[in-house]
Amino acid sequence: MATMESLIGLVNRIQRACTVLGDYGGDSALPTLWESLPSVVVVGGQSSGKSSVLESIVGRDFLPRGSGIVTRRPLVLQLHKTEQGLQEYAEFLHLPKKRFSDFSLVRKEIQDETDRLTGKSKQISPVPIHLSIYSPNVVNLTLIDLPGLTKVAVEGQAESIVQDIENMVRSYVEKPNCIILAITPANQDIATSDAIKISREVDPTGERTFGVLTKLDLMDKGTNALEVLEGRSYRLQHPWVGIVNRSQADINKNMDMIAARQREREFFVTNPDYGHLASKMGSEYLAKLLSKHLESVIKARIPGIASLINKNINELEAELNYLGRPVAIDSGAQLYTILELCRAFDRIFKEHLDGGRPGGARIYGVFDHQLPAALRKLPFDRHLSFQNVKNVVSEADGYQPHLIAPEQGYRRLIDTALNYFRGPAEASVDAVHSILKELVRRSIMETQELKRFPILQAELAAAANEALERFREESKKTTLRMVDMESSYLTVDFFRKLPQEVDKGGNPAVPSADRYSEGHFRRIGLNVFSYVGMVSETLRNTIPKAVVHCQVREAKRSLLDNFYTQLGKKEGKQLSQLLDEDPMLMERRQQCAKRLELYKSARDEIDSVSWSG
Ligand code: GDP
Ligand code: MG
């Protein structure tokens, strides 16, 4: 059965994990799990003894203490109770691999880490230092040490520091789950206590404030703090606790914690004013009091925490699904995965062509619009102008003008005209090529499963584009051959059906000189024009056939064939390289998985506690 103590430990572990995972604080809309869990914050004026109190709760010396502004960054201190007999150690979040068992080094590291952000100055920084202590001698607790409240900026500090510290402190204590340890030195009038002032502001009913009176040993002779300790000066819901920490002289003499606690106990037992309160005074009692309070707070919060945990689990599972499961290790499974991914891509690519997804219609646009427009724009007017026809025909005739029909002239005019068709033919091939290329790009983007594998994505894109390039070459050859075929053999019928000029002239007696008149050449031009028009009509229909045959159909049939062949030759290591993931994504998945594991174990533990009543 889970005990309350283990539950506090669990809360602690969750908080610890939240910090490691960077969930600490944060400004997400959901209150983070961290903030829904209680933590204890120490507040008070500078040198009121905050760090000393924390240390004696922990029972170890490890915090920088002294006069002046010593604590200059928040210290988030998590105490984890370990099993009896285990070695005690401390660990910083910023030095995750290093275990400190010498606590004087912990103190030094806190100082150094503070200086790293603020310099060796009297500046402060709101960025917390996270420290965990694992020990059989601590109670499970999260404690936060803060810079002390001050009244004036001293030499070397910005004027704003008084306000800055107050704001920092307020940002911690105003959280409803924060338990406030309000520290006031006994040798100062309670009415002037900074700690009480700020805690009253954020916790007017005093239900989450613990009043702590330090320096009882420093009170003027003949005075005592009974008015405060017995709750008559300032009432809180929880009893006041008096403390005697080590003085600066004790610290200088290296008085150890055991001796200090012993002396504190003696102080209360032997003091005639406090003897009757002795069992409810001192650091050890304070630690127990806090831990008990924490228990009741956690008990009350369990339903809320549980539902928050469940919400987190759902979110994480959804995210993990989106990120995909980790990749298999053996190469057979890897090959299978790669093939599956390729197929997923191929499916999407085909959907684009076949109309399940947009894009395929643009290919039809090339045939229906671009190609006919290009054909219409061919400069046959210029080519078949009277002047050009005359030049070409006369040149073809040579010294002997043609007698009946200018056979050679026709051939040359037609040959040159047909050559013009190469342009639109090639342009159609290129246009379809770039549409296919774009569809490959889009299909890769749209293949969700591929997103995690940037290397495979790139290789796939390269292989597909290489294939498209081959199809384009093939398609160009074929369409250009079709154009060439048109000039290799002219359609005889067309010329048979041409009306003979003599008939048309109507007058057989026309002198042969007329044969070379303007009308004659214009007729030749018109005849060639209408032949070329017929060819254009044919090509307008056959070029699309060739393009679809060579490019579109091939893309659908064998886009990745070469890639598959290469894949078959790859060794295990090359295969796993293909499945290398984006490191950011891998890390994200790892984080999600870690968090999920944590939340799940938290849920299990919480379930068992709530069932066991
Ligand atoms: P903080 O600034 O509030 O964290 O205070 P520190 O814990 O650093 O203590 C400031 C100084 O007051 C140190 O020199 C401590 O030794 C001294 N001090 C703290 N508590 C007591 C106490 O109960 N009795 C005596 N005599 N000195 C104390
Ligand atoms: Mg301090």
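Does at least one position in the stretch 169-180 carry a residue that is open to solvent by 30 Å² or more (accessible area, probe 1.4 Å) and hydrophobic (A, V, I, L, M, F, W, C)?
no
For GLN262, indicate whether it is loosely packed, with under 14 Cβ neighbours inside 10 Å and part of a helix (DSSP H, G or I).
Values: loosely packed, with under 14 Cβ neighbours inside 10 Å: yes; part of a helix (DSSP H, G or I): yes.
Yes: the conditions hold for GLN262.
What number of residues within the stretch 59-98 satisfy the criterion of being of a type in the set (A, V, I, L, M, F, W, C), in a loop (DSSP other than H, G, I, E, B) and within 16 Å of ligand 1 (Cβ to nearest atom)? Can you show your working first?
Going residue by residue through the stretch 59-98, those that are of a type in the set (A, V, I, L, M, F, W, C) are 62-63, 69-70, 75-77, 79, 86, 90, 92-93, 95.
Still in the running and in a loop (DSSP other than H, G, I, E, B): 62-63, 69-70, 86, 93.
Now restrict to residues that are within 16 Å of ligand 1 (Cβ to nearest atom): 62-63, 69-70.
Summing the residues that are of a type in the set (A, V, I, L, M, F, W, C), in a loop (DSSP other than H, G, I, E, B) and within 16 Å of ligand 1 (Cβ to nearest atom) in the stretch 59-98 gives 4.
Look through the stretch 42-74, keep the residues that are among the charged types (D, E, K, R) and more than 38 Å from the chain's Cα centre (by Cα), and return whichever of them is farthest from ligand 2 (Cβ to nearest atom). First the steps, then the outcome.
Filtering the stretch 42-74 for residues among the charged types (D, E, K, R) gives 50, 55, 60-61, 65, 72-73.
If we keep only those that are more than 38 Å from the chain's Cα centre (by Cα) as well, we get 50, 55, 60-61, 65.
Working: LYS50: 5, GLU55: 10, ARG60: 15, ASP61: 13, ARG65: 6 Å.
By that ranking, first place goes to ARG60.
Could you tell me whether any residue of the stretch 40-57 is within 16 Å of ligand 1 (Cβ to nearest atom), without any contact (Cβ under 8 Å) to a residue 40 or more places away in the chain and hydrophobic (A, V, I, L, M, F, W, C)? Explain how you work it out, then say what you get.
Start the filter on the stretch 40-57 by keeping residues that are within 16 Å of ligand 1 (Cβ to nearest atom), which leaves 40-57.
Going one step further and asking which of them are without any contact (Cβ under 8 Å) to a residue 40 or more places away in the chain, we end up with none.
Checking the stretch 40-57: not a single residue is within 16 Å of ligand 1 (Cβ to nearest atom), without any contact (Cβ under 8 Å) to a residue 40 or more places away in the chain and hydrophobic (A, V, I, L, M, F, W, C).
For every residue, the table says whether it meets (1) modelled with pLDDT of 90 or more; (2) open to solvent by less than 50 Å² (accessible area, probe 1.4 Å); (3) basic (Lys, Arg).
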site: SER36; (1), (2), (3): no, yes, no
site: VAL42; (1), (2), (3): yes, yes, no
site: VAL53; (1), (2), (3): yes, yes, no
site: LEU63; (1), (2), (3): no, yes, no
site: VAL70; (1), (2), (3): no, yes, no
site: HIS80; (1), (2), (3): no, yes, no
site: PRO96; (1), (2), (3): no, no, no
site: SER104; (1), (2), (3): no, no, no
site: LEU117; (1), (2), (3): no, no, no
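Of all residues in the stretch 122-139 being more than 34 Å from the chain's Cα centre (by Cα) and away from ligand 2 (no atom under 16 Å from the Cβ), which is surrounded by the fewest Cβ atoms within 10 Å (Cβ to Cβ)?
The selected residue is PRO136.
Would you call GLY365 at pLDDT below 90 and either polar (S, T, N, Q) or out of contact with any Gly (no Cβ under 7 Å at 6 or more places or on another chain) (or both)?
Working: at pLDDT below 90: no; either polar (S, T, N, Q) or out of contact with any Gly (no Cβ under 7 Å at 6 or more places or on another chain) (or both): yes.
So GLY365 fails the test.
For the stretch 282-304, check the following and say yes or no: at least one residue is at pLDDT 90 or above and basic (Lys, Arg).
No, every residue in the stretch 282-304 fails to be at pLDDT 90 or above and basic (Lys, Arg).
Within the stretch 148-183, track down each residue that is among the β-branched types (Val, Ile, Thr) and out of contact with any Pro (no Cβ under 8 Å at 6 or more places or on another chain). Working first, answer last.
First, the residues of the stretch 148-183 that are among the β-branched types (Val, Ile, Thr): 150, 152, 154, 161-162, 165, 169, 173, 179-180, 183.
Across the stretch 148-183, the qualifying residues are THR150, VAL152, VAL154, ILE161, VAL162, VAL173, ILE180, ILE183.
Answer yes or no: is there a residue in the stretch 561-570 that is in contact (Cβ under 8 Å) with a residue 60 or more places away in the chain and small (Gly, Ala, Ser).
For the stretch 561-570, residues in contact (Cβ under 8 Å) with a residue 60 or more places away in the chain and small (Gly, Ala, Ser): absent.
In the set GLN237, GLN157, GLN163, which member is of a type outside the set (Ser, Thr, Tyr), out of contact with any helix residue (DSSP H, G or I) (no Cβ under 9 Å at 6 or more places or on another chain), in the same structural domain as GLN46 (by the TED database) and buried (at least 17 other Cβ atoms within 10 Å of the Cβ)? Give the derivation first.
On the way: GLN237 fails: buried (at least 17 other Cβ atoms within 10 Å of the Cβ); GLN163 fails: buried (at least 17 other Cβ atoms within 10 Å of the Cβ).
Being of a type outside the set (Ser, Thr, Tyr), out of contact with any helix residue (DSSP H, G or I) (no Cβ under 9 Å at 6 or more places or on another chain), in the same structural domain as GLN46 (by the TED database) and buried (at least 17 other Cβ atoms within 10 Å of the Cβ) holds for just one of GLN237, GLN157, GLN163, which is GLN157.
Looking at the stretch 240-258, which of the residues that are assigned to a helix (DSSP H, G or I) and near ligand 1 (Cβ under 6 Å from one of its atoms) is least open to solvent (accessible area, probe 1.4 Å)?
Let us first name the residues in the stretch 240-258 that are assigned to a helix (DSSP H, G or I), namely 248-252, 257-258.
This time we only want the ones that are near ligand 1 (Cβ under 6 Å from one of its atoms), so: 248, 251.
On the way: GLN248: 89, ILE251: 37 Å².
Per the criteria, the residue is ILE251.
On the basis of being open to solvent by less than 80 Å² (accessible area, probe 1.4 Å) and basic (Lys, Arg), does LYS215 make the cut? Let's see the steps before the verdict.
Values: open to solvent by less than 80 Å² (accessible area, probe 1.4 Å): yes; basic (Lys, Arg): yes.
So LYS215 passes the test.
Which one is nearest to ligand 2 (Cβ to nearest atom), of the residues in the stretch 195-233 that are touching a strand residue (DSSP E or B) at 6+ places or on another chain (Cβ under 7 Å) and farther than 22 Å from PRO147 by Cβ?
Residue satisfying both the conditions and the ranking: LEU216.
Look through the stretch 189-202, keep the residues that are free of Cβ contacts under 8 Å to residues at least 40 places away in the same chain and under 19 Å from ILE165 (Cβ atoms), and return whichever of them is surrounded by the most Cβ atoms within 10 Å (Cβ to Cβ).
My answer is ILE196.
Pick from TYR172, TYR134: which is of a type in the set (Phe, Trp, Tyr) and without any contact (Cβ under 8 Å) to a residue 60 or more places away in the chain? Don't jump to the end; show me each part of the working.
Working: TYR172 fails: without any contact (Cβ under 8 Å) to a residue 60 or more places away in the chain.
When all the criteria are applied, what remains is TYR134.
The values are calculated or read from the model by the stated rules, or taken from the named source; none is laboratory data. Remember, it's a predicted structure, so these values are computed and weren't measured experimentally. Neighbour counts run over all protein chains shown; Cβ positions are idealised from the backbone, glycine included. We work out accessible area using only protein heavy atoms, side chains counted, and drop any ligands, DNA or RNA first. Shrake-Rupley method; radii C 1.70, N 1.55, O 1.52, S 1.80 Å.
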